[in-house]
Every structure is written in C-alpha cells, then in structure tokens.
1. Can you tell me the relative contact order of the chain? Whole percent, Cα pairs under 8 Å, sequence separation 6 or more.
2. If I build a Gaussian network model for the chain, linking alpha-carbon pairs within less than 10 angstrom, which residue out of 186, 59, 167 has the largest mean-square fluctuation?
3. Using a simple charge model, +1 on the beta-carbon of Lys and Arg, -1 on the beta-carbon of Asp and Glu, nothing else, what dipole does the chain show about its Cα centre, in debye to the nearest 20?
4. Compute the FRET efficiency between residue 170 and residue 213 as 1/(1 + (r/R0)^6), taking r as their Cβ-Cβ distance and R0 = 45 Å, and round to the nearest 0.05.
5. Once amide H atoms are built 1.01 Å from N in the peptide plane, which residues 5 or more positions from residue 200, or in another chain, come under 5 Å H to H?
6. Relative contact order for the stretch 81-194: what percent, with Cα pairs under 8 Å and sequence separation of 6 or more?
7. Charges on Cβ only, +1 for Lys and Arg, -1 for Asp and Glu, centred on the Cα centroid of the chain; of 188, 167, 205, which one is farthest towards the dipole's positive end?
8. Quick check on the chain: helices-only [θ] at 222 nm, where DSSP H runs of length 4 and up contribute -39,500 (n - 2.57) each and the sum goes over total residues. Nearest 500, please.
Amino acid sequence: MSPSENIQYDFEWRPLNNYLAAQRITPPDMRQGSAAEPRLPSEALYEWIVLNGRSPLEGLSLGEHYRLSDYGVAGLALQSAGTVGEALQLIKTNMLLFRKDIRGIAVRRSSCDTVDVDIDLQDKPDWPQSARLYHANVLASAAYAVFRDLLLGELELVRLRLPERNGDVRAYEEYFRVPVYFAGAGITFTLPEELLEAEIATANSAVFQASLALGSKAFN
C-alpha cells in the first residue's frame, strides 16, 4: 500500500509491514471496504494477518517484529527507565492506552523468590479459536521481545503460561527457553523477583523525565 495523506499511521504500522515483508506477503489495500466503526489502518491490517494466519505458531514470528523504537517517545521512556520494575509500572499506568488488545497488567508475588506478570487479554468472541490463539502468541512474543530489549537479551524467565494448548509444547519451550504450560485466557510471565530491581542498561534519569514530559499529552 502506498502512503496517503488521508491515512493516519500509528506505531504498529511498521512492525506489521516489516513482518509482511519478511514473509513476502502482499496484503490487500486497507483503504477499501468499510468497517462497522472507524479504525486505524494498522488495526485492519493486524486483523487481516491474524485471520489469515496458517497456524497460531506464526504469531510468535509476528511478535518478534515489535521494537521499543516503534513506540516513539513512549518507547524512549521505557528504555531510559531505571529498573525493570519502573518500566513495568510505566506500562501499567500509561502504555496500555496504546494497546487496546490488553485489558490490564498486574504484577504479584507468586513465591518467596518469584513474581508473576499477568497480562489480561481483551475478549475476541467474533474470532475463531485459531485466530484468538494466534493473537495471544503475538502478544506473548511481543512482550518477550520488549523484555529482551530492555535487558539487552539477558532475560531469565522461570516459566510461562499461555492460553489453552495450541500446538506442540516443545515448540513453545524452545522459543521461550522455559517450561510452558497452558491454562486460562491470559498470559503470565513468571520472573525471578530480583529481576524487578535489575538496572536497565540504557537507563538515563534526565532522558526518562524529559520523555515523560514530552509524552504527557499522549499518556493523559
């Protein structure tokens, strides 16, 4: 699709198109047809990708294309936060405004030395099961990519919970490098509690405060 001054592009447009380019997939023109309500082109494109996916496992590949640099000033705030815990708090209080597919994020202690990061997903009752599982895989992979970006690849998970089984568990455990189990409707990353205090390599207090100030209108 060629850019048009009549179309507004948001931060998801780049990762979606990078994925399609890597897969050598040509999408339809998202300007054609009419939706029940106005949507950004990226929302229509994402839905087209999910509904036309051949396997839920493909969602893991799509999630890899989400980068902190795609989030503009919000991504800069995350990269310059002091610790992983501080970045998670920023996501909980502000970043959810940018991701309509997530209902909420909660961080809770799960044992004496681990914490659970629970990601509550919005329901997609009009999507077939395979599409809902594909969608969950995208969000799990994208969250994993964000964590790894913050820690420059040094992410140590304890275990991961994904919604209902959607394939050979070994494929998921090889991808995430931890035990994976399937239950419920959301996603749970179990992390070492000490990871919340881990310093982010790109932490910069001045940049963090400046990016929060620049993004205050979007956040609020």
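Readers should treat all values here as calculations from the given coordinates under stated rules, not as data from a laboratory. This one's a predicted model, so the numbers in the text were calculated from it and none came from an experiment. With ideal geometry, Cβ positions are generated from the backbone for all residues, glycine too; neighbour counts draw on all protein chains shown.
1. For the chain, the relative contact order is 26 percent.
2. Ranking 186, 59, 167 by mean-square fluctuation puts 167 first.
3. Value, rounded to 20: 360 debye.
4. 0.45
5. Those qualifying (amide H under 5 Å, at least 5 residues apart or on another chain) are 83, 84.
6. 28 percent
7. It is 167, whose Cα lies furthest towards the positive end.
8. So the calculated ellipticity at 222 nm is -12000 deg cm²/dmol.
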